[in-house]
Amino acid sequence: MKDTKSTPTRATKKSAESAGKATSGFSTEERAAMKARALELKAEARADKDKAAGENDVLKVIGAMQEPDRAMATRLHALIKASAPALSPKTWYGMPAYAKDGKVVCFFQSGKKFSTRYSTFGFSDAASLDDGALWPTAFALTELTAAAEARIAALVKKAVG
C-alpha cells in the first residue's frame with residue numbers, strides 16, 4: 001500500500017503557493033525581509049568600522065522619513081552627537097540607532113513607518129540606565145520640546161556611562 005501522508009499532494013502545494021507561501025516554507029514577504037536584514041547587517045558591519053559610513057546610512061534613513069518624524073529624527077541625531085560623541089550612528093532594523101563598541105545603546109523608531117500614533121525613542125540593554133528594579137527603556141514622542149530634548153540629552157549621557 002502506498003504511503004500518501006509523506007508526500008504533499010498537488011492540491012496542498014497549490015494552496016500553500018496561493019497563500020503567499022513558497023514551497024521552501026517562507027512567504028514572499030518573509031524572504032524580502034530576510035534579504036533586507038542581510039543588507040542591513042552588511043551596512044552595520046561597515047558602520048562599525050567606519051563612523052562616517054554609519055552616519056551616511058542614518059542620514060539616508062532620516063531623509064526618507066515622512067514629516068514630522070524626519071524633523072524629530074534630524075534633531076535627535078544632532079542632540080545625540082552633541083551629548084555623546086563616543087556613540088557611532090548606524091541603522092538598526094531600518095531605523096537610526098547609536099552604538100558604543102558595536103552595541104546599540106539608543107534608537108529612534110518612526111511612528112509613521114509602523115503606523116503607530118507616536119514615534120519612539122528607546123534604549124537597549126547596553127544602556128547604563130539601571131535604576132533599582134524598574135526603569136524606562138522607551139519613550140513615546142509626539143514632538144520634541146525643549147524639556148524633552150534636555151531629558152533625552154541627560155538620559156543619553158547617562159546611558160553611555
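Residues of the stretch 116-149 with backbone nitrogen within less than 14 Å of a virtual label 7 Å along the Cα-to-Cβ line of Lys157, please, listed as ranges.
Hits in the stretch 116-149 for Lys157 at 14 Å: 149.
Report the extension gain between Tyr93 and Lys51 in nm, rounded to one decimal, defined as 0.36 nm multiplied by the number of residues separating them, less their alpha carbon distance.
Gain on extension, Tyr93 to Lys51, equals 13.3 nm.
Could you check the simple spin-label distance between Lys113 and Thr74, using points 7 Å along Cα→Cβ, in nm with one decimal?
1.7 nm
Can you tell me the length gained on complete extension of the stretch Ala82 to Arg37, counting 0.36 nm per residue apart and subtracting the Cα distance?
My answer for the length gained is 13.3 nm.
Does the stretch 92-161 come out rounded, prolate or oblate by the C-alpha gyration tensor, with a ≥ b ≥ c the root eigenvalues, rounded set by a/c under 1.5 and, if not, prolate when a/b is larger than b/c and oblate if not?
The shape class here is oblate.
Laboratory data are not the source of any read-out in this text; all were calculated from the coordinates shown. Not measured: the values here are computed from a predicted model. When we count neighbours, we look across all protein chains shown, and the Cβ atoms used for this are built from the backbone with ideal geometry, even at glycine.
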